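Report on the following structure.
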Amino acid sequence: MSFLRSFVLTAVAVLSLSAANGPMAADAPSAEEQSMADFIKNTPGCLEFSDQCSICAMVDGKAECSTPRIACVKKPYVCTRRADN
């Protein structure tokens with residue numbers, strides 16, 4: 001029983017310390033991540049783009065996107081078709 005009590009107390013202490021230190025580095029967005037609105041603004045000639053979860057197309061100045069795939073790992077947006085192609 002003392003082992004279980006020691007384990008619980010140690011777990012509580014560790015969780016308290018990590019909560020007090022704020023978000024961990026893994027919780028912070030990466031430098032490559034950006035919002036869809038920022039991507040559209042920064043790539044005005046892009047007609048279709050993807051984050052490897054959804055495929056999006058610009059229709060009448062707005063993004064229309066497919067439903068994200070199951071168990072998708074979102075990546076930075078990539079333009080897959082430009083207006084000048």
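The values are calculated or read from the model by the stated rules, or taken from the named source; none is laboratory data. Predicted model, so just to flag it, every value in this text is computed and none were measured. Every residue, glycine as well, gets a Cβ built from its backbone with ideal geometry; the counts of neighbours run over all protein chains shown.
For residues that are part of a loop (DSSP other than H, G, I, E, B) and among the acidic types (D, E), scanning just the stretch 40-77, find the one that is surrounded by the most Cβ atoms within 10 Å (Cβ to Cβ).
So the residue we want is D51.
Against the definition (over 21 Å from the mean Cα position of the chain (by Cα), modelled with pLDDT under 95 and of a type outside the set (D, E)), how does S30 come out, yes or no? Let's see the steps before the verdict.
Values: over 21 Å from the mean Cα position of the chain (by Cα): no; modelled with pLDDT under 95: yes; of a type outside the set (D, E): yes.
Criteria not met by S30.
Where the second residue is charged (D, E, K, R) and part of a strand (DSSP E or B) and the first is within 18 Å of F39 (Cα to Cα) and lies in the stretch 57-74, which pairs have Cβ atoms under 7 Å and are six or more apart or on separate chains?
A57/E48; A57/E64
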